[in-house]
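Values quoted throughout were computed directly from the atomic coordinates according to the rules given, and no laboratory measurement underlies them. Worth saying up front: this structure is predicted, and the values here are computed from it rather than measured. Methodologically, a virtual Cβ is constructed for each residue, glycine included, from the backbone with ideal geometry; neighbour enumeration extends over all protein chains shown.
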Amino acid sequence: MIDLSNARILISNDDGIHAPGLKVLEEIAKSICDDVWVVAPQTEQSASGHSLTLRRPLRIHKHGDTHYSVDGTPTDCVLLALNEIMKDHKPNLVLSGINRGGNLGEDVTYSGTIAAAMEATLLGVPAIALSMYFEDSNDVKWQTASSCGADIIRQLVKNTWPSNTLMNVNFPDVAAQRVKGIEFTRQGRRKIGDDLARGLDPRGEEYFWIGALRSEETFNKGTDLHAVVNHYISASPISLDFTDYNTLERLKGQST
């Protein structure tokens, strides 16, 4: 359990230091805690996954006493925040987001938002990733996240979760008053990348652009995807241990 009244919160994201979702999350954090820091990528790093920058130096840019950007990935941001910027007084909680778009199903393997929370978890700090699902990119309902975010964070930090686990929260694409509640869910299944757009650049060279997900899919009850499309806030515990223990035990049983 985290005592938010005496906590220090670090915020990061993958949409960049100037992203609207970051500002929403900072407002939420400041409504529940007096000590809030921001360390976010200098530019958008969507779908960067849990990647570290190893082949070039990183630079930290200061935007205020508690606001910094890093010219790297979300993972870089959290690593530098905990081991350099905030090394003398590390945060009790890391919040990543609020991502402009859902992080549902297999999104978690690509997401820089999840990666920031993952890096914090690996470094021993509890973390929550937050994302705003939308169907119309011109109508992202930030007010829903703004209205519900503080209560969700408070509810989650009342519990103690395992040290190799992060929390993944997704808000539905409805106005705050139409949110039906919160569902604790498992990771669903959907795969991005089937819709490829092909074209020619000005030099006549062929290129491919990975397109959007198909919206006609249906999802199993109890999953993050089912919850969000049915107007619930989804909260999923995501483990960093990818081991398939059933298969491991079966393999051990076959060994001689």
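Miscellaneous remarks
- In sequence order, the range 147-158 has phi-based couplings of 6, 9, x, 4, 5, 5, 4, 4, 5, 5, 6, 5 Hz under the Karplus curve 6.51 cos²θ - 1.76 cosθ + 1.60, θ = phi - 60°, and Gly or Pro positions carry x.
- Here the 3J(HN,Hα) profile of the range 115-128, calculated from phi with Karplus coefficients 6.51, -1.76 and 1.60 at θ = phi - 60°, is 4, 4, 5, 5, 5, 4, 4, 4, 8, x, 10, x, 9, 10 Hz, Gly and Pro shown as x.
- DSSP-defined antiparallel bridges as percent of all bridges, the chain, nearest 5: 35
- Projected-area mean, the range 82-123, by convex hull of Cα positions, square nanometres: 3.5
- Each residue of the range 229-244 was assigned a 3J(HN,Hα) from its phi angle through the Karplus curve 6.51 cos²θ - 1.76 cosθ + 1.60 (θ = phi - 60°); the sequence is 6, 9, 6, 9, 6, 9, 10, 10, x, 10, 8, 7, 8, 8, 4, 8 Hz, with glycine and proline shown as x.
- Estimated from the Cβ-Cβ distance and a Förster radius of 25 angstrom, the FRET efficiency linking residue 23 and residue 178 is about 0.60.
- The label point for residue 206 and the one for residue 84, both projected 7 Å from the Cα toward the Cβ, are 4.3 nm apart.
- With R₀ set to 25 Å, the beta-carbon distance separating residue 1 from residue 137 gives a calculated FRET efficiency near 0.10.
- Extension reserve of the residue 198-residue 71 stretch, reckoned as 0.36 nm per residue once the Cα distance is removed: 42.6 nm
- Placed amide H near residue 106: partners under 5 Å, 5+ positions off or other chain: 190
- Inter-probe distance in nm under a simple model that places probes 7 Å from Cα toward Cβ, at residue 247 and residue 154: 4.3
- Cα Rg, Dmax, the range 107-256, angstrom units: 18.8, 61
- Counting all C-alpha pairs of the range 70-168, share separated by more than 16 Å (%): 58
- Note on the chain: with a GNM built from Cα contacts shorter than 10 Å, the maximum mean-square fluctuation among 236, 96, 12 falls on 236.
- Sorted on the mean count of surrounding Cβ atoms within 10 Å across their residues, most packed first, peptides 113-126, 38-51 read 113-126, 38-51.
- Only alpha carbons enter this Debye calculation for the range 6-79, each as an equal point scatterer, and the log10 of I(q)/I(0) it gives at q = 0.18 Å⁻¹ is -0.67.
- 10 °C / 1.306 mPa s Stokes-Einstein diffusion coefficient of the chain, Kirkwood radius on C-alpha pairs, µm²/s: 84
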